[in-house]
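K.L.:
Structure in structure tokens, see below.
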Amino acid sequence: MTLLVTIVLFGIYSAALLAIGSVGFSMQFGVTNVLNLAYGSILTSCIFVEYWITGHSSNVWLAMLVGALAGAVISFVIGHLVIGAFLNRGASGFSIAMVTIGIALMIEFTLEAIQGPYINTFSANVSSAITISGVSLGGEQLAAIGIAAAAMVAVHMLLRLTKLGLAMRATADDVALTRSCGISPTRTRAVAWLLSGALCGICGVLLGLDEGTFSSSTGDAIFVTIAAAAVVGGIGKPYGAMIGALLVGLVSEGSAAVISPSYKSIAAWVLLIAVLMVRPQGIFAEYASRRELVA
Amino acid sequence: MLGSRRSSRMRAFATAAAGAGILAGYLASSGAASGATPHPLKATRSASRLEVAVFSPFTGPNAIYGYFNYNGCVPAALAVNKAGGVLGHQIYCQIIDNRGEPADAVPAAQNLIANDSNVVGIVDGDSGLLSATVPLFSAAHIPELSLGGDIQFDKNKYPYFWRTTPGDDQAGYALAAYIRFDTPFRKIGAIFGNDQAAQGNVPGLDNGAKNLGLKIVNQQAIALDQTAYQTEVQQLKNAHPQVIVTESDPQTAGVFFANLKQAGALKPIVGTSGTVGTNYDKAAAAALGQSTYEKGFVRVTQYTATSGPAFNAWKQALLASSIKNAAGVETGYGPEVAYDHTIMLALAMVAAKSTNRVVFNPYIARVTQGKTVVHTFAQGVAALKAGKTIDFVGLEGQVTFNKYHNSGGVWSVAQPITNRSLKIVSAKDMAAAEGH
């Protein structure tokens with residue numbers, strides 16, 4: 001029973017972190033049609049920025065604010081200014097994906113050069129907030145789940161209840177038609193980069209605080225899982241990313257108990273393949289499979 | 001031994017090209033000649049510069065290992081050069097960054113082989129890279145002194161590969177011997193990363209535990225770099241171990257230990273030599289708390305001297321070297337081994353009266369099995385000039401290569417952070433663990 005509760009609680013916790021990251025990743029792809037493979041490096045940058053600016057503070061609210069701002073700025077610069085310049089010159093979707101790999105490498109090597117050979121650490125945060133059937137969940141972990149839930153509600157309200165959200169959904173579906181309606185796709189894309197970066201930053205600092213230890217490659221490992229969750233849900237579909245994150249989180253934790261902890265990281269990909277065999281477009285996306293990687 | 005690694009497919013793919021670029025940069029900055037390497041038998045080292053390649057990760061998650069090796073090589077080179085060099089040649093330590101990934105290490109090795117004929121030997125130490133790179137170096141007739149514990153090399157057949165550390169499976173026997181004979185614990189929880197280096201400990205631990213009547217109540221190979229390990233921790237807790245043995249990379253250890261503490265499942269922890277290093281200490285201390293870590297954690301690792309003539313010579317060379325903040329250099333089975341390896345290479349060349357790699361390679365064993373015990377390069381050169389055969393006993397203690405070019409060494413139980421040796425695992429206890 002304790003093990004089952006652990007799987008569910010920490011599956012939800014993992015899902016919370018993944019959801020924040022994968023919704024940002026998926027939303028940005030949906031609106032800009034750019035496969036941003038530098039997402040993990042942006043995430044790592046945010047942990048570093050938060051670590052430097054706050055003087056290694058582990059205050060979750062301050063971290064979230066700094067992380068969100070850092071992520072928004074870095075993402076905007078990379079997406080709107082750098083990648084935007086390539087898009088304006090007619091670069092193909094594949095070329096842009098390669099550019100994002102280059103950007104990821106530049107970020108990582110820069111962080112490595114600054115960091116040196118030693119990793120960084122936050123002070124331990126293992127305060128117990130609630131205990132369910134003998135399994136305790138820390139205050140920071142509860143906060144992460146709460147923040148993720150709030151972020152998902154905010155994204156939902158943004159997409160459904162605001163003009164900006166409508167513009168984003170419209171841009172994601174049909175750029176030409178959106179433009180003919182008087183909506184600026186450029187401005188909408190800029191906002192998407194900002195929002196995506198903010199979510200990426202929040203995910204990063206929550207991850208950094210929870211793991212307590214980070215290096216210039218911390219974002220790489222979780223990015224792979226974030227991408228899997230986004231694709232499971234249907235790439236470009238924020239709601240799909242939420243469901244994808246939940247599934248990936250629960251399946252990963254469950255596989256550690258039922259199969260072997262060794263295969264925990266592979267479980268997300270087995271799930272991905274299984275889902276895509278049944279629904280090639282992902283769980284939520286109706287149009288994803290028909291979209292092409294073009295500017 | 002060393003080499004618990006973090007990796008991802010994307011990272012490996014993406015960094016391959018950049019790794020090659022960095023290597024090219026290093027080679028360019030070190031003034032390495034371009035063009036194919038002449039056959040070693042014909043190789044003429046016209047320059048007075050001999051290079052020892054420190055083939056290690058200097059960037060990436062395991063960059064600390066590169067600094068371990070470099071910080072051992074440089075003082076050794078200084079000691080050699082101060083004593084007149086090798087047959088009139090000065091030796092230098094050349095950084096070759098392999099990033100700790102086979103995808104980066106193989107092109108790095110190929111570039112080294114193709115572009116640098118002044119290299120007389122390699123010092124390295126990453127278990128996970130040996131199977132990819134040893135065949136390359138051996139085919140190029142480059143002597144390689146390693147502390148990589150890949151168990152495939154327990155019966156090594158590559159003539160240019162030498163190892164002064166036992167295979168990772170031996171570390172498992174040492175863990176079992178320590179727990180059985182020096183602690184009251186009999187129920188073990190075994191948590192190892194699912195990487196090749198960490199998993200190398202498992203067969204020895206399993207067999208050792210069986211031979212000594214210990215019970216492994218929970219054994220898990222954990223995936224690296226996860227956001228939480230509570231499910232794994234809960235399974236461990238449910239098995240009620242008295243002691244936890246472990247090896248993983250620092251970040252994985254940090255998360256795992258934090259989860260262990262959160263779940264109220266803390267027990268005394270015994271690490272392997274794969275847990276040596278500032279990064280591991282930082283991660284573990286941050287997760288457990290400094291005091292808990294210092295009191296509740298020991299590591300069973302290879303012995304290195306902390307006093308005596310070899311230690312004094314090493315310390316003197318280290319402090320006189322160009323290494324930044326030499327007094328604060330992290331020690332404890334890392335720099336010490338690279339120091340010994342570099343001295344052994346130099347002595348082998350002097351004993352062979354040749355810098356030709358093919359000629360002096362067999363002398364790597366001979367300088368550790370002669371009659372006159374020496375602890376420094378200068379002593380070794382003096383003895384060789386006097387026509388004696390030498391037995392170099394450095395920081396690692398007596399080295400005795402078997403027919404597979406492996407030397408077992410001595411196991412020690414050490415404190416974290418300071419790496420101070422608390423006790424030696426006796427040969428008798430090791431033999432019992434191995435079932436002899």
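K.L.:
Taking the conditions exactly as written (closer than 19 Å to B:A310 by Cβ and outside any loop (DSSP other than H, G, I, E, B)), does B:L422 satisfy them or not?
P.N.:
When the stated conditions are applied, B:L422 does not pass them.
K.L.:
Given the criterion within 14 Å of chain A (Cβ to nearest Cβ) and touching a Leu at 6+ places or on another chain (Cβ under 6 Å), identify the matching residue among B:G172, B:G193.
P.N.:
Unique residue meeting the criteria: B:G193.
K.L.:
Which is surrounded by 18 or more Cβ atoms within 10 Å (Cβ to Cβ) and either in contact with a Gly (Cβ under 7 Å, 6 or more places away or on another chain) or more than 23 Å from B:K155 (Cβ to Cβ) (or both), of B:A382, B:A433?
P.N.:
So the residue among B:A382, B:A433 that is surrounded by 18 or more Cβ atoms within 10 Å (Cβ to Cβ) and either in contact with a Gly (Cβ under 7 Å, 6 or more places away or on another chain) or more than 23 Å from B:K155 (Cβ to Cβ) (or both) is B:A433.
K.L.:
Specify which of the listed residues (A:S45, A:S41) is open to solvent by less than 40 Å² (accessible area, probe 1.4 Å) and within 14 Å of chain B (Cβ to nearest Cβ).
P.N.:
Criteria check complete, one pass: A:S41.
K.L.:
Just the residues that are within 24 Å of B:L130 (Cα to Cα), among the hydrophobic types (A, V, I, L, M, F, W, C) and in a loop (DSSP other than H, G, I, E, B), please, taken from the range B:144-198.
P.N.:
Within the range B:144-198, just B:L147 meets the criteria.
K.L.:
Regarding B:V245, is this residue away from chain A (no Cβ under 14 Å), under 26 Å from B:M430 (Cβ atoms) and either modelled with pLDDT of 90 or more or surrounded by 24 or more Cβ atoms within 10 Å (Cβ to Cβ) (or both)?
P.N.:
yes
K.L.:
Could you list, in sequence order, all residues of the range B:407-430 that are more than 20 Å from the chain's Cα centre (by Cα), of a type in the set (A, V, I, L, M) and surrounded by fewer than 20 Cβ atoms within 10 Å (Cβ to Cβ)?
P.N.:
The answer is B:L422, B:A427.
K.L.:
Follow-up question, since we're still on this one. Considering (1) open to solvent by less than 20 Å² (accessible area, probe 1.4 Å); (2) of a type outside the set (S, T, Y); (3) at pLDDT 90 or above; (4) assigned to a helix (DSSP H, G or I), say which one B:V52 fails and leave the rest.
P.N.:
For B:V52, the exception is condition (4).
K.L.:
Quick one: what pairs do we get from the range B:365-384, first residue under 22 Å from B:C73 (Cα atoms), second open to solvent by 60 Å² or more (accessible area, probe 1.4 Å) and in a loop (DSSP other than H, G, I, E, B), C-beta under 8 Å, 6+ apart or different chains?
P.N.:
B:R366/B:T389; B:T368/B:Q398; B:T368/B:T400
K.L.:
Let me ask another. Looking at the range B:95-110, which of its residues are surrounded by 24 or more Cβ atoms within 10 Å (Cβ to Cβ) and at pLDDT 90 or above?
P.N.:
Answer for the range B:95-110, where residues must be surrounded by 24 or more Cβ atoms within 10 Å (Cβ to Cβ) and at pLDDT 90 or above: B:I96, B:N98, B:D104, B:A105, B:A108, B:A109.
K.L.:
Another question, then. Is it the case that A:V8 is out of contact with any Ser or Thr (no Cβ under 7 Å at 6 or more places or on another chain) and of a type in the set (A, V, I, L, M)?
P.N.:
Yes; evaluated as a whole, the condition is true for this residue.
K.L.:
Would you pick out the residues in the range A:37-67 that are hydrophobic (A, V, I, L, M, F, W, C) and either free of Cβ contacts under 8 Å to residues at least 12 places away in the same chain or more than 21 Å from A:A227 (Cβ to Cβ) (or both)?
P.N.:
Within the range A:37-67, A:F48, A:V49, A:W52, A:I53, A:V60, A:W61, A:L62, A:A63, A:M64, A:L65, A:V66 qualify.
K.L.:
Of all residues in the range B:121-136 being of a type in the set (A, V, I, L, M) and surrounded by fewer than 24 Cβ atoms within 10 Å (Cβ to Cβ), which is modelled with the lowest pLDDT?
P.N.:
The extreme case among them is B:A132.
K.L.:
Spot the failing condition for B:R180; the list is (1) within 11 Å of another protein chain (Cβ to nearest Cβ); (2) charged (D, E, K, R); (3) over 25 Å from the mean Cα position of the chain (by Cα), and only one is missed.
P.N.:
Only one criterion is unmet by B:R180, namely (1).
K.L.:
Hey, another quick one. Looking at (1) within 23 Å of A:S265 (Cβ to Cβ); (2) of a type outside the set (S, T, Y); (3) open to solvent by less than 10 Å² (accessible area, probe 1.4 Å), can you tell me which one A:G165 breaks?
P.N.:
(1)
K.L.:
Out of (1) touching a Cys at 6+ places or on another chain (Cβ under 6 Å); (2) under 24 Å from B:N194 (Cα atoms), what's the single condition that is false for B:A77?
P.N.:
Going through (1) touching a Cys at 6+ places or on another chain (Cβ under 6 Å); (2) under 24 Å from B:N194 (Cα atoms) one by one, B:A77 breaks only (2).
K.L.:
Just checking, how many residues over the range A:48-59 are open to solvent by less than 20 Å² (accessible area, probe 1.4 Å) and either in a loop (DSSP other than H, G, I, E, B) or of a type in the set (A, V, I, L, M, F, W, C) (or both)?
P.N.:
Qualifying residue count, the range A:48-59: 1.
K.L.:
While we're looking at this one, here's another question. Could you check how many residues of the range A:105-128 are touching a Lys or Arg at 6+ places or on another chain (Cβ under 9 Å), facing chain B (nearest Cβ under 7 Å) and either at pLDDT 80 or above or farther than 15 Å from A:F214 by Cβ (or both)?
P.N.:
3
K.L.:
If I ask for residues that are among the hydrophobic types (A, V, I, L, M, F, W, C) and either under 15 Å from B:V86 (Cβ atoms) or not in a helix (DSSP H, G or I) (or both), which ones from the range B:365-393 would you list?
P.N.:
Result: B:V367, B:V373, B:V374, B:F377, B:A378, B:V381, B:A382, B:L384, B:A386, B:I390, B:F392, B:V393.
K.L.:
Quick check on the range B:60-83. Is at least one of its residues touching a strand residue (DSSP E or B) at 6+ places or on another chain (Cβ under 9 Å) and at pLDDT below 50?
P.N.:
Checked against the condition, which is being touching a strand residue (DSSP E or B) at 6+ places or on another chain (Cβ under 9 Å) and at pLDDT below 50, the range B:60-83 yields no hits at all.
K.L.:
State the number of residues belonging to the range B:213-232 that are at the interface with chain A (Cβ under 8 Å from one of its Cβ atoms) and either part of a loop (DSSP other than H, G, I, E, B) or open to solvent by less than 20 Å² (accessible area, probe 1.4 Å) (or both).
P.N.:
12
K.L.:
Related question: Scanning for something free of Cβ contacts under 8 Å to residues at least 12 places away in the same chain, over 26 Å from A:F76 (Cα atoms), more than 19 Å from the chain's Cα centre (by Cα) and exposed (fewer than 14 other Cβ atoms within 10 Å of the Cβ), does the range A:96-113 turn up at least one residue?
P.N.:
No: the range A:96-113 contains no residue that is free of Cβ contacts under 8 Å to residues at least 12 places away in the same chain, over 26 Å from A:F76 (Cα atoms), more than 19 Å from the chain's Cα centre (by Cα) and exposed (fewer than 14 other Cβ atoms within 10 Å of the Cβ).
The values are calculated or read from the model by the stated rules, or taken from the named source; none is laboratory data. It should be emphasised that the depicted structure is a prediction, and the values quoted were computed from it without experimental measurement. FYI the Cβ positions are ideal-geometry reconstructions off the backbone, even for glycines, and counts take in every protein chain you see. Each accessible area value is taken on the protein alone, full model and side chains, heavy atoms only, with ligands, DNA and RNA left out. Shrake-Rupley method; radii C 1.70, N 1.55, O 1.52, S 1.80 Å.
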